[in-house]
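Heads up, the thing below is written out as structure tokens.
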Amino acid sequence: MNTTVSQSQIGFNPYFFNGKQIQNIYFYDNTGIVAKCRWFNDGGSNNDFKEFDLPTENIKRKNKVDYSKDVFFYIKNDERHSEGINLHIPINTIPHKFLGKQLNFETKTEKNFYDVLEIELSSVKRCHRLNDLQKIEYYYDEKKLNTITIKYKYSTELKPYGDKLKDLQEKIQNALKVDHFSKYDIERLIDAKILSV
């Protein structure tokens, strides 16, 4: 038997369970949380999966987090002013593959990365096609096993130029006795040839 988790209405991204909005979906093993997301998308920022099935009959309500057993559970979200819940899914109960760190974007000062987790869940995916008027129309595919890609644990790595800017930023902050002087302002001063690195 499966338990279905779904959106309350099309176009409203969050999932709901037992009438409560899911704020975060955590995947865990016995060491703790290994990945997290808010909903499942297919490359964009919006939710592309209307509903999905979890391979369990019972998602337990708990008062505190316990990762010692492979149990599907939810707890009240502890964020201020939140009425929602956090759903915890034991990663070993679903087909999955960790794909490691991948480059998100790169600028002249830094590289931004994220880690990637692929999971397989029976789900209903939003698709699109061209209609007779050559306009894009959206529809939902039938429920089937889909591979869902989750991007998480975003990180930044400074490039040599970024290190130089950081050093210059600290020197300016110390000289001006301010808590913050934007690196973007420093770049603008360098571009205007007022400062040099």
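The values are calculated or read from the model by the stated rules, or taken from the named source; none is laboratory data. This one's a predicted model, so the numbers in the text were calculated from it and none came from an experiment. Cβ placement follows ideal geometry from the backbone for every residue including glycine, while neighbour counts extend to all protein chains displayed.
The sole residue among Leu133, Leu87, Leu99, Leu145 that is free of Cβ contacts under 8 Å to residues at least 60 places away in the same chain, in the same structural domain as Cys37 (by TED's automatic domain parsing), out of contact with any His (no Cβ under 8 Å at 6 or more places or on another chain) and closer than 30 Å to Arg61 by Cα is Leu145. Does Ser182 qualify as being at pLDDT below 90, farther than 16 Å from Lys125 by Cα, exposed (fewer than 12 other Cβ atoms within 10 Å of the Cβ) and of a type in the set (Ser, Thr, Tyr)? When the stated conditions are applied, Ser182 passes them. Annotation note: of Phe27, Phe52, the sole residue that is touching a helix residue (DSSP H, G or I) at 6+ places or on another chain (Cβ under 8 Å), surrounded by 16 or more Cβ atoms within 10 Å (Cβ to Cβ), modelled with pLDDT of 90 or more and assigned by TED's automatic domain parsing to the domain that holds Pro95 is Phe27. The residue pairs whose first member lies in the range 44-64 and is farther than 17 Å from Pro90 by Cα, whose second member is exposed (fewer than 11 other Cβ atoms within 10 Å of the Cβ) and among the β-branched types (Val, Ile, Thr), and whose beta carbons are closer than 9 Å, counting only pairs six or more residues apart or on different chains, are Lys50/Ile10.
Within the range 120-144, the set of residues being among the hydrophobic types (A, V, I, L, M, F, W, C) and surrounded by fewer than 11 Cβ atoms within 10 Å (Cβ to Cβ) comprises Leu130, Leu133, Ile136.
With respect to the conditions (1) surrounded by 10 or more Cβ atoms within 10 Å (Cβ to Cβ); (2) touching a Leu at 6+ places or on another chain (Cβ under 8 Å), Tyr161 falls short on a single one, namely (2).
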